[in-house]
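Accompanying notes for the structure given below.
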Amino acid sequence: MPTLKLKTLTPVHIGNGEKWYRHIDFVQKQRIIGIVDERKVLDIIGADKIEAWVRNIDEGNEAVYQLLGNRKDDLPAYCHYTLPVSGNTSGINELKVQYKTLNRPCIPGSSIKGALRTVLFNDKADAVFTGINQIRKGANEFSSIKLEEAIFGESANHNVMRFFRFGDVICATDVLEVYPVQLLNYYIGNNWDV
């Protein structure tokens with residue numbers, strides 16, 4: 001199978017469903033975030049300070065890192081790795097963890113196949129679209145199933161996408177960055193919910 005390189009045009013996040021929390025899983029020093037390695041922390045503070053460490057974690061404050069003494073600003077001493085922060089650096093209290101395989105950032109082949117499917121659908125949809133009644137499902141409901149069948153095939157056995165096979169794209173470990181993101185939801189009442 002040929003090996004290809006993938007270049008993303010915008011930041012990409014494929015989450016694994018896990019979240020990391022400030023002062024527990026990561027620390028921030030200006031524009032750098034360090035992912036805490038508990039074993040390294042334990043090696044520095046010693047087993048006799050575990051209770052104080054756990055108590056400070058439960059309280060959710062930076063006091064947990066005061067236990068590190070003069071090493072608290074030396075992120076490599078107690079972190080797995082560090083990440084640069086782009087954009088606004090204030091108020092980062094939670095990180096959504098990037099999907100990884102072989103302990104490296106990864107874009108699953110299924111995500112790439114889905115992106116290609118979307119490109120093909122958008123390219124061909126105008127040619128097969130015959131009118132709003134083609135996608136109308138109910139009074140105020142619509143479905144693209146008829147368009148998808150016209151473009152890709154009428155069933156899984158006839159779907160042209162079954163011939164495409166994509167593997168995961170394994171990324172270099174130095175490509176990860178932290179981007180603060182806010183999601184806006186529009187809901188009835190014409191108000192934005194942040």
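List of remarks:
- Residues that are farther than 18 Å from ARG22 by Cβ and not acidic (Asp, Glu) were ranked within region 62-76; the one that is least open to solvent (accessible area, probe 1.4 Å) is GLY69.
- Answer residue from region 9-39, given it is in contact (Cβ under 8 Å) with a residue 60 or more places away in the chain and polar (S, T, N, Q) and is farthest from PRO84 (Cα to Cα) among those: ASN16
- Verdict on GLY114 being within 17 Å of the chain's Cα centre (by Cα) and within 16 Å of VAL178 (Cα to Cα): no
- Complete set of residues in region 34-61 that are under 25 Å from the mean Cα position of the chain (by Cα) and open to solvent by 70 Å² or more (accessible area, probe 1.4 Å): GLU38
- Evaluating THR173 against the criteria (1) modelled with pLDDT of 85 or more; (2) under 30 Å from ILE32 (Cβ atoms) leaves one unmet condition, (1).
- ILE107, sole failed condition from (1) in contact with a strand residue (DSSP E or B) (Cβ under 6 Å, 6 or more places away or on another chain); (2) within 29 Å of GLY15 (Cα to Cα); (3) at pLDDT below 85: (3)
- Failed item in (1) under 26 Å from TYR81 (Cβ atoms); (2) open to solvent by 60 Å² or more (accessible area, probe 1.4 Å); (3) at pLDDT below 80, with THR130 passing the rest: (1)
- Yes/no for LYS40 being in a helix (DSSP H, G or I), modelled with pLDDT of 85 or more and under 23 Å from THR173 (Cβ atoms): yes
- Residues of region 132-174 satisfying the condition of being assigned to a loop (DSSP other than H, G, I, E, B), over 26 Å from TYR99 (Cβ atoms) and acidic (Asp, Glu): GLU141, GLU154
- Here region 1-33 is the region considered, the condition is being over 25 Å from ASP58 (Cβ atoms) and not in a loop (DSSP other than H, G, I, E, B), and the residue that is least open to solvent (accessible area, probe 1.4 Å) is GLY15.
- GLU94 out of contact with any helix residue (DSSP H, G or I) (no Cβ under 7 Å at 6 or more places or on another chain) and more than 22 Å from LEU183 (Cα to Cα): no
- Among the residues making up region 77-122, a single one is open to solvent by 50 Å² or more (accessible area, probe 1.4 Å), in a loop (DSSP other than H, G, I, E, B), in contact (Cβ under 8 Å) with a residue 12 or more places away in the chain and among the hydroxyl-bearing types (Ser, Thr, Tyr): TYR99.
The values are calculated or read from the model by the stated rules, or taken from the named source; none is laboratory data. All of these numbers come straight from a predicted model, not from anything done at the bench. Reconstructed Cβ throughout: ideal geometry from the backbone, glycine too, with neighbour counts over all protein chains shown. Keep in mind that these areas ignore ligands, DNA and RNA; they rest on the heavy atoms of the full protein, side chains included. Shrake-Rupley method; radii C 1.70, N 1.55, O 1.52, S 1.80 Å.
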